[in-house]
2 protein chains.
Amino acid sequence: MSQMARSLAEFQQLIGWNPQRMWHDFHRQCLPQLSQKNPSRTESRLATIVEATFTLANRQGFHAMSLRQLSDASGMSLGGLYGYFASKDQLAASIHQFIRYQFEQVLLPLIDALPEPQRLDAICRYHLYLSELMQPWFFFAYMEARHQQSDLRKQAIALSERVDVELLLALNAHGEVQEPIIAVGLLKHLLQGWYLRRAHFQKTGVDVDAYTDYLLARITLFCHGETTNDRTLAAL
Amino acid sequence: MSQMARSLAEFQQLIGWNPQRMWHDFHRQCLPQLSQKNPSRTESRLATIVEATFTLANRQGFHAMSLRQLSDASGMSLGGLYGYFASKDQLAASIHQFIRYQFEQVLLPLIDALPEPQRLDAICRYHLYLSELMQPWFFFAYMEARHQQSDLRKQAIALSERVDVELLLALNAHGEVQEPIIAVGLLKHLLQGWYLRRAHFQKTGVDVDAYTDYLLARITLFCHGETTNDRTLAAL
DNA sequence: TTAAAAATCGAACGTTCGTTCGTTATTGAC
DNA sequence: GTCAATAACGAACGAACGTTCGATTTTTAA
């Protein structure tokens, strides 16, 4: 059984993550809708296009990004883009699909392989680490999810609820959870904070390891905390 | 000196909030760009239009919402809408401006009037309560802020940083804050969670009073918590 | 009741959007 | 170097966008 990773570097090594491999996986996922034959060139072009999509869409919104802007930013002609995706909507759908794939095929199996007492720690750490490695993807997925058509949105909700269940089970393994509905929601919200508030953390010099350690050290306090009046604001 | 409100109902009474008065204030703020003369009719039409904007924009994004959709949803003709705002961008700008106005003219004065020991509690409570009363406004402001033009965005950032300072000062009044940058960011993020995850809380039956009490009871634990190994996950 | 004022309407305008497609340039095997 | 095969190009298209404006309806006050 594999050891748990306790830092970004360890996690990266554990799953063998690097950008090249990520784009390779992404390319493989996009194959059905691609009209290109040369794999290696296609991989690097896909990376250019999707990275340009992130810089534009994560600033101004995917819907507000025009294909002419994407054409300029990626250095590729308007018509040339269509060799790499079937439509603008399909481009967004591929991104959403890939991040769901990463969750289901990479994160969840890693967590399932661990004994239950370690799972809460692992879910949080691995979520934070993966969202650090793929921050633009996570940000895009969060911000654009509600603009997707209903079947893709439903799949995202289903995955989200699966994580909720995992979190609740893992939390319960550490003792009775007070107000479990609020606790689980808050915990996931705190994990999302890392990639949603990335600019803030970058400006203030907080890295993912510091954030992770800070958070994990307080999670059990937060969720199981038997708050006594003299330690809470309510006493004022 | 006024007493602090400890529930949504008390807060609502304290600031004398009701929808009618809110739309009255909003109308007054919009006056400069309005071509309409009859105040009472204009107030109700504005309410209809802005509420329709929220239902459409908060689902699919403001940019993706067409004025033809807004025309249908508000029961007003395409040209008729332009009696109530100068342009589509101005409509969004008015909403952003109004929520900033509520923050600066309603929330901050209330907090400044309180003695320092009560301020942390008040900032959190009042932020949560106001965001409950005006949830669609807060959600809209959060989601659409990055699509605004730069001067409006800068004003929003300035206000956000002002809240950060208030939070940090208030936190410090309760003792030395460990990792203050992370703590303040997280605290604000938790406050935002209430209006960002509204659908989730509505589905699970959590109301703002329960959320507020849960949060406030754990804030000092979270921010000042001297975490010992036997109470944290790191010990596993 | 009536006429001026105010408000509403929706067809039409110019622009920009996503997308297509015939043409041109590039690539790779011999 | 030649020639298919592949990829990239960008002008052009129809649709949809935000906006305008003259005609029409509703409101207001005498």
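Key figures for this structure:
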quantity: B:R6 more than 13 Å from DNA strand D (Cβ to nearest atom) and more than 14 Å from every other protein chain (Cβ to nearest Cβ); calculated: no
quantity: Qualifying residue in region B:75-84 (condition: more than 26 Å from B:A158 (Cα to Cα) and either among the β-branched types (V, I, T) or more than 13 Å from DNA strand D (Cβ to nearest atom) (or both)); calculated: yes
quantity: Wholly enclosed helices (runs of 4 or more DSSP H) of region A:1-119 bearing at least 1 residues of a type in the set (A, V, I, L, M, F, W, C) and within 12 Å of DNA strand C (Cβ to nearest atom); calculated: A:39-60, A:67-74, A:78-81, A:88-102
quantity: Extreme residue, least open to solvent (accessible area, probe 1.4 Å), among residues of region B:132-155 that are within 14 Å of chain A (Cβ to nearest Cβ) and polar (S, T, N, Q); calculated: B:Q148
quantity: The listed residue being free of Cβ contacts under 8 Å to residues at least 12 places away in the same chain, within 10 Å of DNA strand D (Cβ to nearest atom) and open to solvent by 30 Å² or more (accessible area, probe 1.4 Å), out of B:N18, B:N38; calculated: B:N38
quantity: Enumeration of residues in region A:177-200 that are under 13 Å from A:Q135 (Cα atoms) and at the interface with another protein chain (Cβ under 7 Å from one of its Cβ atoms); calculated: A:G193, A:R197
quantity: Test result for B:Q97, among the polar types (S, T, N, Q), open to solvent by 30 Å² or more (accessible area, probe 1.4 Å) and either touching a His at 6+ places or on another chain (Cβ under 8 Å) or under 24 Å from B:W194 (Cβ atoms) (or both); calculated: yes
quantity: Per-region count, region B:206-230, residues under 20 Å from B:A170 (Cβ atoms), modelled with pLDDT of 75 or more and acidic (D, E); calculated: 1
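For (1) modelled with pLDDT under 95; (2) within 20 Å of the chain's Cα centre (by Cα), each residue gets a yes or a no:
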| residue | (1), (2) |
| --- | --- |
| B:Y82 | no, no |
| B:Q90 | no, yes |
| B:H96 | no, yes |
| B:D112 | yes, yes |
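The values are calculated or read from the model by the stated rules, or taken from the named source; none is laboratory data. Everything numeric here is computed off the predicted structure, so don't read it as measured data. Positions of Cβ are generated from backbone atoms using ideal geometry, with glycine treated the same way; all protein chains shown enter the neighbour counts. Ligands, DNA and RNA are stripped out before the accessible areas are found, and what is left, the full protein with its side chains, is counted by its heavy atoms. Shrake-Rupley method; radii C 1.70, N 1.55, O 1.52, S 1.80 Å.
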